[in-house]
C-alpha cells in the first residue's frame with residue numbers, strides 16, 4: 001500500500017482556513033470587505049470576548065439569493081471575477097475563500113435578503129457541514145454570525161492572545177477600513193460597549209479629512225501636511241504628520257492601495273526616507289496615505305489575506321512617496337506642532353494649550369526676489385562671527401556685518417529691547433531675552449515663543465551645507481597645522497572608506513600610519529571647530545550606521561554631525577541683533593521647525609494659554 005493518500009475535504013478546508021483566518025480580526029476583515037463589495041453604506045459589528053465567542057457583522061448591502069448563499073460558502077466560488085481575469089480586480093475580495101474558510105473552523109450562520117425578495121434566506125455551516133437555505137427574517141442586506149471561532153480546531157485557540165488584545169486587533173481592522181471608505185458608516189461594539197461609531201461622510205477631500213480626524217484624532221488632522229501628487233497615472237493623497245509629531249513605532253502609519261489597507265515594508269521605508277533627517281532616530285511619523293494605481297499595474301493576488309500587493313513599477317511608487325513627502329515638508333518651512341506648547345502649558349500648571357497650526361502665509365516668508373536661496377547666504381554665520389564657539393563681539397562691532405544679511409533676515413529696530421517691534425507677519429516674533437544662555441524668548445503679536453538656539457542654528461547650518469553641496473561642494477578651510485587623530489581600527493577604516501564624500505562635505509582627511517588619520521581641512525562655514533573632535537564624532541557615526549544605510553542616509557547623518565559642530569552652542573551669550581537675526585533666518589529656511597536630530601527648535605504659547613495659566617480665563 002502506498003504512503004501518499006488524498007486528504008479529506010474537511011481537513012483540506014481547515015488547512016486552507018489557516019491561511020485566511022488566523023484570528024478573529026482576520027475573519028472580521030474578510031466579512032467587512034464582503035459588505036463593502038456589496039455596496040453597503042452602513043456596517044455594524046458586535047463582538048463577544050474579542051470575537052472568539054461571537055462575531056456579528058450586519059450591513060445594508062444588496063444581499064444574496066438562496067442560490068448565491070449556497071455557492072458563497074463553497075471554496076473558490078465568487079461573483080467578483082466576472083471576466084475571470086486576475087489582472088482586472090476591482091473588488092476587495094475575489095478569491096472565494098473567506099466564507100468557506102470561516103465555516104470550516106466555526107459555526108457560521110448567514111442571513112441575507114435582496115431588495116425585491118419577499119423574505120430573507122438563512123444558511124448554516126457547522127465545522128464544514130452545510131445545511132440548505134431556509135426562510136428567515138431580515139429587513140435589509142446581510143447578517144453574518146460566527147459562533148465559537150476555532151471550535152473545530154481547538155489547538156488554534158492556544159495561539160490567540162488575551163480577549164482585550166484580540167478585541168484591539170478587531171478595532172484596528174475597523175479603523176483601517178473606515179479610513180479607506182469615508183462614505184460608509186462603521187459601528188463596532190465589544191461586549192455591549194461601543195468601541196467605534198462613525199457616521200458616513202462625503203466621498204470627497206473634505207469628507208476624507210473629517211474621517212481621518214475622527215479616527216486618528218483632531219490634533220493630527222489639523223496639524224498634518226496635505227499630500228497630493230501624481231505621476232504616470234498613479235495618484236497619491238492623504239495626510240502626513242509634521243516631523244515633530246512622531247511616535248516610537250510605525251503603528252500610526254496607514255497605507256491604502258485602491259481602497260485596500262496594505263502592509264508593505266518597502267513603502268514604509270519610502271515614507272521614512274521622505275522625512276530624511278527631520279525625524280529623531282528610532283522615531284516614526286504618523287500618516288494616512290492613499291495610492292490610486294491602475295489595476296493593470298498592480299497585483300493583489302500575492303497573499304491569501306490580501307494585505308500585500310505587488311507593483312509593476314515599485315521603484316516609481318517609492319520615488320513618488322519620497323518626493324511628495326519631502327517637497328511638502330519643505331513647503332511647510334518653520335511650522336511645528338502644538339504638542340510642544342501644550343506640554344509647556346502642562347508643565348507650567350495649565351490644562352493644556354489649544355492646537356496651533358501656522359497659517360499658510362506664516363509657514364515661511366517668501367524671500368525677496370534678489371535673494372536666490374535662504375540657505376545659500378552666510379547670514380547668521382556672519383552676524384554671529386566666524387568662530388561659532390567664541391564670545392560675541394559688542395553689537396557696535398557687528399554693524400558692518402548687518403549690511404551683508406539678506407533683507408528678510410535682517411534684524412528689525414535697534415539693539416535696545418524697547419526699540420525692537422514685532423515684525424509684521426512674523427511667526428517667531430521679536431527676541432526679548434535669552435535664558436540660561438541657551439533659550440531665546442520672543443514676543444509675537446498674540447503670544448510668546450521659546451527657541452532653542454543651538455537646535456535652531458544646527459538646522460540653519462545644515463541647510464546651508466546642503467545648498468553648498470548642491471552647488472558643487474562645501475568650501476574647505478585648510479588647517480595651518482594638520483591635525484593627527486588617533487582612532488580605533490574600525491572607525492579609521494570607516495573614515496577612510498568615506499573619504500570622497502567627506503571631501504564633498506569640506507572635510508579633508510588622509511591615512512596617517514597605523515591607527516590614525518590626518519585632518520588637513522574642515523568646512524569653511526564652520527569657522528574654527530575642534531577638528532579632532534569633529535573627526536572622532538564622524539568616525540563614530542559612520543561605524544554606528546554601518547553598511548545597512550544607503551550612501552544618501554549616511555550623508556544626512558554625517559551632515560547633521562558636522563552641522564552640530566558649526567552651530568551656536570548652548571551657553572553662548574547672544575545679543576539682541578544676533579537673536580533676531582537667528583529668528584528671521586529661521587522664518588525663511590525650510591525645515592527649521594526641527595533640528596537635525598528631529599527635535600523641535602521652538603515651542604509657542606498663545607496669549608490665551610498664558611491667560612489660562614494665570615487664571616484670567
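Readers should treat all values here as calculations from the given coordinates under stated rules, not as data from a laboratory. All values reported here derive from a predicted model rather than from experimental measurement. Positions of Cβ are generated from backbone atoms using ideal geometry, with glycine treated the same way; all protein chains shown enter the neighbour counts.
Inter-label distance, residue 247 to residue 467: 3.6 nm, where each label sits 7 Å from its Cα along the C-beta direction. Spacing of the modelled spin labels on residue 74 and residue 330, each 7 Å from Cα toward Cβ, amounts to 5.9 nm.
So, in Å, what gap is there between the alpha-carbon centers of segment 100-119 and segment 26-45? Between the Cα centre of segment 100-119 and that of segment 26-45, the gap is 13 Å. Among 46, 174, sorting on how many other beta-carbon atoms sit within 10 Å of each Cβ, with the fewest leading, yields 46, 174. A straight line joining the Cα centroids of segment 574-617 and segment 439-475 runs 11 Å.
As a ratio to 2.2 N^0.38 Å, the alpha-carbon radius of gyration computed for segment 122-228 takes the value 1.43. Based on the Kirkwood approach, the hydrodynamic radius assigned to segment 205-332 is 14.8 Å, with every pair of different Cα atoms included. In this structure, residue 319 and residue 518 have a Cβ-Cβ separation that, at R0 = 45 Å, corresponds to a calculated FRET efficiency of about 0.70.
Any chance you could run the full-extension gain for residue 478 through residue 435? It's 0.36 nm times the residue separation minus the Cα-Cα distance, nm to one decimal. List each step's numbers first, then the result.
Numbers: separation 43, 0.36 × 43 = 15.48 nm, distance 3.59 nm.
So the extension gain works out to 11.9 nm.
The mean sequence distance of close C-alpha pairs (under 8 Å, at least 6 residues apart), as a share of the length of segment 205-332, puts its relative contact order at 29 percent. The P(r) of segment 9-198 has a tail past 25 Å containing 31 percent of all C-alpha pairs. Applying 0.36 nm per residue to the separation of residue 496 and residue 446 and subtracting their alpha-carbon distance, the gain on full extension is 12.8 nm. Cβ crowding within 10 Å ranks 232, 116 as 116, 232, fewest other Cβ atoms first.
Note on residue 131 and residue 202: their simple-model spin labels are 4.8 nm apart, each label 7 Å out from Cα toward Cβ. Relative to its Kirkwood radius, the Cα radius of gyration of segment 95-153 gives an Rg/Rh of 1.02. Under the criterion of Cα pairs below 8 Å and six or more residues apart, the relative contact order for segment 9-198 equals 28 percent.
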